[in-house]
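Chemist: Encoded as structure tokens, here's the structure I'll be asking about.
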Amino acid sequence: MQYQLTGAPSTLVCSHSLYRSTYTRPRIPFPMPTQGQPGSLGKVPRGWDEQSRISLALCPTSVTTFSIRMKVLLLVTVAAVALGDDVVDFERGDSEYHFSWLHDGGQTYDWQGANSYCSRLGRGWKGISIESREEDAFVSDIIDEYDLPWVWTGGQRRGRDFVWPSGARFVGLNWSHTGGKKQPQPDNREEGGENCVAVLNDYYDDGVRWHDIACHHEKSIICERSD
Ligand SMILES: [Ca+2]
Ligand SMILES: [Ca+2]
């Protein structure tokens, strides 16, 4: 909708886009201009040009409402950008990784809660799938570096085998040779089943190795997003 200003050059019309462009140019977001009646001039702070001042005065909708919308949009955009930047703790090949303990004060979760934590980071985020010896070495390095006792992965038992959330074939690259019963993993030792895969840091004097663990135990998690 456009409004002509009586007595003003005919090129001047109500224009929120003009308002926006003028808003950014003087770099003085506050105070915001106030809305004038059609045909009158609104109050515009110093630094706003005359054409914008007249144009604003012509707009029938509330500039205040519009400016609030703009501020909300700006805040959402800033938050989204900040979140996007903060979520990724490490990039490696085609994968990005997020270490939960760096973001939640060291909170721990059962396996389901940990993997839900990853999903809430955004599209594509899941519990880590350890698909190669190189990726497993990376996980071991991270566990060592942060001196963690253990972390959850995205791996879980399905039938007689295990699966990764990435869909890649599960290869037991680093199952421990021992555990609570001094038997090789996976041993499904705990009553009720050990249906979730964790990486433990020398818990059984076995180095940084994979164990099947009952899913109700609480740990941090490494999340992964792959192309
Ligand atoms: Ca992976
Ligand atoms: Ca076990």
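Chemist: Of the residues that sit in the stretch 198-227 and are of a type in the set (Gly, Ala, Ser) and not in a strand (DSSP E or B), which one is farthest from ligand 2 (Cβ to nearest atom)?
Modeler: We begin by selecting, within the stretch 198-227, every residue of a type in the set (Gly, Ala, Ser); these are 198, 207, 214, 220, 226.
Those still in the list that are not in a strand (DSSP E or B) too: 207, 214.
Values: 207: 15, 214: 8 Å.
So, considering only residues that are of a type in the set (Gly, Ala, Ser) and not in a strand (DSSP E or B), the one farthest from ligand 2 (Cβ to nearest atom) is 207.
Chemist: Considering the stretch 189-227 alone, what residues qualify as being acidic (Asp, Glu) and more than 16 Å from ligand 1 (Cβ to nearest atom)? It would help to see each step written out before you state the result.
Modeler: Of all residues in the stretch 189-227, those acidic (Asp, Glu) come to 190-191, 194, 202, 205-206, 212, 218, 224, 227.
Passing the criteria: 190, 191, 194, 202, 205, 206, 212, 218.
Chemist: Does residue 135 count as charged (D, E, K, R), at pLDDT 95 or above and not in a helix (DSSP H, G or I)?
Modeler: Numbers: charged (D, E, K, R): yes; at pLDDT 95 or above: yes; not in a helix (DSSP H, G or I): no.
Taking the combined requirement at face value, the residue does not satisfy it.
Chemist: Please go through the stretch 159-188 and pick out each residue that is touching a residue at least 24 places away in the same chain (Cβ under 8 Å), out of contact with any Ser or Thr (no Cβ under 7 Å at 6 or more places or on another chain), away from ligand 1 (no atom under 16 Å from the Cβ) and assigned to a loop (DSSP other than H, G, I, E, B).
Modeler: Correct list: 176, 177, 178, 179, 180, 186, 187, 188.
Chemist: Which residues, counting only those in the stretch 109-134, are surrounded by fewer than 18 Cβ atoms within 10 Å (Cβ to Cβ) and either more than 12 Å from the chain's Cα centre (by Cα) or on the phi > 0 side of the Ramachandran plot (or both)?
Modeler: 110, 112, 113, 116, 122, 124, 132, 133, 134 - these are the residues of the stretch 109-134 that are surrounded by fewer than 18 Cβ atoms within 10 Å (Cβ to Cβ) and either more than 12 Å from the chain's Cα centre (by Cα) or on the phi > 0 side of the Ramachandran plot (or both).
The values are calculated or read from the model by the stated rules, or taken from the named source; none is laboratory data. All values derive from a computational prediction rather than experimental measurement. We place every Cβ from the backbone using ideal geometry, glycine too, and count neighbours over all the protein chains shown.
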